[in-house]
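The values are calculated or read from the model by the stated rules, or taken from the named source; none is laboratory data. Treat the numbers as computed from the prediction; the structure is a model and nothing was measured. A quick note on method: Cβ atoms are made from the backbone with ideal geometry, for glycine too, and the neighbour counts reach across all protein chains shown. These area figures cover heavy atoms from the full protein model, side chains too; ligands, DNA and RNA do not enter into them. Shrake-Rupley method; radii C 1.70, N 1.55, O 1.52, S 1.80 Å.
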Amino acid sequence: MATGIQSKTGARSIEQARRRAEMLRMRVEGSTVDEIADHMGVVPSTVKRVISNALTAMVKGPAEELRALELARVEELLAQAMETVRAFHPLIANGKVVYVPVLDDNGETVCDPATGEVLTTVMQDKAPKLAAIATCVRLLERRAKLLGLDAPAQQELTVVTEEAGPDLSHLTVQELEAIKWKLYGGQPLLVHQPAEVTQ
């Protein structure tokens, strides 16, 4: 007998599952949310929640499988791109491998002590390596996206507001000038307001 947490195989759980299945069946058959709610004796928001939860559950499993498959593909492509980054690529010009003189630490050419001929080495073509590096960067970005590493970080903001001063909107221009004169010195500006016309 289940205590505390309701048993998933209990009569009540089975009845709730049956009711949820009935709501889904009616929706698939074209009933509106309001029609289902009336038939089942619940509010429309309950029907919407049941349908939404069912859709989420239906999509979640395959979505996780797809994410794992995509991640495995990215990892394989990344491994291949890294092989290209690590590999030596000879520079070829006009169908021939390009050789350059071997230089010592001082930048001087190194000669074979026995023959006196300048030693040469195959020149490296950096273009394939740079292209592979760019591919690796794109693959790493895709990998980070699949793993959710690029999700926006939450930041805490503190809003500082200045305390509002007194409301001076009801003062006349002469009263404002008098306050200004008291605060900053000088002579108050005399403003003449037109006299009221009485008839």
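Helical runs (DSSP H, four residues minimum) scored at -39500 (n - 2.57) apiece and divided by the length of the chain put the mean residue ellipticity at 222 nm at -17500 deg cm²/dmol. For residue 126, go through the lysines and keep the ones whose alpha-carbon is under 27 Å away, minus same-chain ones fewer than eight residues off. List returned: 96. Summarise the long-distance tail of P(r) for the range 38-83 by giving the % of C-alpha pairs beyond 16 Å. Roughly 61 percent, rounded to a whole number.
Partners of residue 145 within straight-line reach, counting lysines whose Cα lies under 19 Å from its Cα and excluding those fewer than 8 residues away in the same chain: 60.
Compared with the direct C-alpha span, the chain from residue 174 to residue 125 gains 9.4 nm at full extension, assuming 0.36 nm per residue. Sorting the segments 166-173, 84-91 by their mean number of nearby beta carbons within 10 angstrom, highest to lowest, gives 84-91, 166-173. Placing a pseudo-label 7 Å from each Cα along the Cα-to-Cβ vector at residue 82 and residue 149 gives an inter-label distance of 1.2 nm. Per q in 0.20 1/Å, what log10 I(q)/I(0) does a Debye calculation on the alpha-carbon atoms of the range 103-149 return? Values, matching the q order: -0.76. Ordering of 147-154, 93-100 by packing is 93-100, 147-154, highest average first (other Cβ atoms within 10 Å, averaged per residue). Within the full protein context, the accessible area of residue 177 is estimated at about 30 Å² for a probe radius of 1.4 Å. Once the mean of 1/r is taken over each pair of separate Cα atoms and inverted, the range 25-140 shows a Kirkwood hydrodynamic radius of 20.8 Å. Ranking of 121, 158 by solvent-accessible surface, largest first: 158, 121 (1.4 Å probe, protein heavy atoms only, all chains present). Surface composition of the chain: carbon plus sulfur atoms hold 58% of the accessible area, using a 1.4 angstrom probe and ignoring ligands, DNA and RNA. Over the chain, the Kirkwood radius and the radius of gyration, each from Cα atoms, give a ratio Rg/Rh of 1.41. Highest mean packing first, where packing is the average number of other Cβ atoms within 10 Å per residue, the peptides 36-48, 102-114 line up as 36-48, 102-114. Note that the chain presents 84 Å² accessible area per residue, ligands and nucleic acids not counted, probe 1.4 Å. Checking the a/c ratio against 1.5 first, then a/b against b/c, what shape does the Cα gyration tensor give for the range 60-101? In terms of gyration-tensor shape, prolate.
Pairs of Cα atoms nearer than 8 Å and 6+ residues apart set the relative contact order; for the chain it is 13 percent. Taking label positions 7 Å along the Cα-Cβ direction at both residue 111 and residue 73, the computed distance is 5.9 nm, reported to one decimal. Each label was represented as a point 7 Å from its Cα along the Cα-to-Cβ direction; for residue 39 and residue 17 these points are 2.2 nm apart.
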